[in-house]
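**Student:** Please read through the structure below; I'll follow up with questions.
Here, each number is a calculation from the coordinates, and none is a lab measurement. Since we're looking at a predicted model, the values are computed, not measured. With ideal geometry, Cβ positions are generated from the backbone for all residues, glycine too; neighbour counts draw on all protein chains shown.
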Amino acid sequence: MSMPQDPITKIETAKKKKEIADTAFKTGDLQTALLSYHEAVMYLHGIDKNMLSAMSGAMGGARAPPLPDEETVETPGVQKEKDAQDQKELTEVDDLLSKIYSNQSACHMKKGNWKRALETAEKALSKNEKNYKAQFRKGKAQGELGYVEKALATLEDLLQKDDS
């Protein structure tokens, strides 16, 4: 089986793999779920975010960066603010990866594999720090591994963030 090279095709394939995994998880087939989640991650791994933003610009999104001969006026502080905004912007790939890693964490929790549950929850949070399910799973795994103080801190932090 050859992997598609086009980033849009990779994302669509990853979404299909995630759907297969979600269904397997719901039926209790944890091995199939983990395998399909892993395959989805492999399709998303290495997709260039800059290329994706350029593609979205070509499809009517943001303006392309100025050409080298175009004049740019720099305003102090504006570039730093723009850079911070770019870093905070959650891409479709990051959002999808965060959900997949969080769901992998749920699979590992059901299997009682708390170390892997913790690792995948942390991966989910590295992609989206507002993934509250992943943060809960991280706290639960920490507690099960005996890191009670860390678990309490993680879960108390979650209570502060999540209004629901």
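**Student:** Hey, with R₀ at 22 Å, roughly what FRET efficiency would E129 and E149 work out to, going by the Cβ-Cβ distance, to 0.05?
**Tutor:** Result of the calculation: an efficiency of 0.60.
**Student:** Using 0.36 nm times the number of residues separating I8 and D95, minus their current alpha carbon distance, what extension gain do you get?
**Tutor:** Stretched fully, the I8-D95 segment lengthens by 29.8 nm.
**Student:** Extending each Cα 7 Å along its Cβ direction at L159 and K110, get the distance between those two points in nm, one decimal.
**Tutor:** It works out to 2.9 nm between the two label points.
**Student:** Let's test this: bin the Cα-Cα distances of segment 91-164 at 5 Å from zero up to the farthest pair and state each bin's percent.
**Tutor:** Values per bin, smallest distances first: 4, 21, 28, 23, 17, 5, 1.
**Student:** Moving to a separate point now. A 21 angstrom limit on the alpha carbon distance is what I want to check against. Which of K10/K127; K10/K110; K15/K110; K127/K161; K99/K127; K10/K133 exceed it?
**Tutor:** From K10/K127; K10/K110; K15/K110; K127/K161; K99/K127; K10/K133, over 21 Å: K10/K110; K15/K110; K10/K133.
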